[in-house]
Amino acid sequence: MPILSDEVQRYLHGLRPQRSEVMREMEALAERDRIPIVHWETGRFLAVLARAVDPVMVLEVGTAIGYSTLHIAEALGRGRIVTIERDPERVEQARGFLEAAGVADKVEIVHGNALEAIGDMSGPFDFIFLDASKDEYRRYLELAEPKATERAVLVIDNVLMSGSVAFPDDAEVPDEFGGWWGLEQRRAARALNSELIDSERWLGSVLPIGDGVAFAVKR
Ligand code: SAH
Ligand code: MG
């Protein structure tokens, strides 16, 4: 939670607009069943990017119930989004919500393990959003990168892990800074963040939006 101070966080929450009925239902279900959907601010950021980039084909890794998918799909112009989810119950839930929201024709949900599914896809992708297993991020990226267009943008969620990535390995991370994130996950996020910032292939940034978002574009 406190990547930002409580005051700033409260202010940002107060800025959130009224959501559509479907989006409200998704948020309520996620809250009830503790499904880790993106913060609304991250969803809006994805939507703004989708509108700005006007991608032909978006790749999303980690659909859950389709909340981030919906933010992106609503903002798409000509484009489509392919989204991968391995949990069959989540695939069904996402399907229902995306149909109810009227964007099903822009979305293809692929049921499977992303580590296999990405390799089977042809792309090309001009917008990539990673939000599945945090310790697999690097492998998703390795699989997706050859299928990215020359001007592709990349967004990765949860790269600050409630602030816990800022703590040294041997520190006891307080609960309010995401003490529940495992050491391996924190290490993976830190490695990925510095790799993206130092990369010769990506021009990368790490932004304190939501739970921390890496945002990069091909160099
Ligand atoms: N992007 C969604 C939230 C995704 S939560 C949103 O913001 O609305 C992460 C999801 O990734 C979970 O539903 C989990 O089942 C899925 N997942 C994790 N590892 C995966 C893998 N290797 N292949 C496919 N899906 C995976
Ligand atoms: Mg996430």
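Laid out as a table, the results:
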{"quantity": "Single match in Arg51, Arg10, Arg78 (criterion: of a type outside the set (Gly, Ala, Ser), farther than 28 Å from Arg138 by Cβ and not in a helix (DSSP H, G or I))", "calculated": "Arg78"}
{"quantity": "Cross-chain or 6+ apart pairs with Cβ under 8 Å, the stretch 160-179 first and more than 17 Å from Gln9 (Cα to Cα), then basic (Lys, Arg) and open to solvent by 80 Å² or more (accessible area, probe 1.4 Å)", "calculated": "Asp169/Arg187"}
{"quantity": "Any hit, the stretch 57-73, residues being more than 12 Å from ligand 1 (Cβ to nearest atom), modelled with pLDDT of 95 or more and among the acidic types (Asp, Glu)", "calculated": "no"}
{"quantity": "Odd one out for Arg95 among (1) away from ligand 2 (no atom under 14 Å from the Cβ); (2) part of a loop (DSSP other than H, G, I, E, B)", "calculated": "(2)"}
{"quantity": "Failed condition for Glu150, given (1) away from ligand 2 (no atom under 16 Å from the Cβ); (2) crowded, with 16+ Cβ neighbours inside 10 Å", "calculated": "(2)"}
{"quantity": "The one condition in (1) among the acidic types (Asp, Glu); (2) within 14 Å of ligand 1 (Cβ to nearest atom); (3) open to solvent by 40 Å² or more (accessible area, probe 1.4 Å) that Asp54 fails to fulfil", "calculated": "(2)"}
{"quantity": "Residue within the stretch 74-87 that is closer than 28 Å to Arg190 by Cβ, modelled with pLDDT of 95 or more and open to solvent by 50 Å² or more (accessible area, probe 1.4 Å) present", "calculated": "yes"}
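The values are calculated or read from the model by the stated rules, or taken from the named source; none is laboratory data. Bear in mind the structure is a predicted one, so any value in this text is a computation, not a measurement. Here the Cβ is made from the backbone with ideal geometry for all residues, glycine too, and neighbour counts use every protein chain on show. Accessible surface is based on the protein model in full, side chains and every heavy atom, while ligands, DNA and RNA are left aside. Shrake-Rupley method; radii C 1.70, N 1.55, O 1.52, S 1.80 Å.
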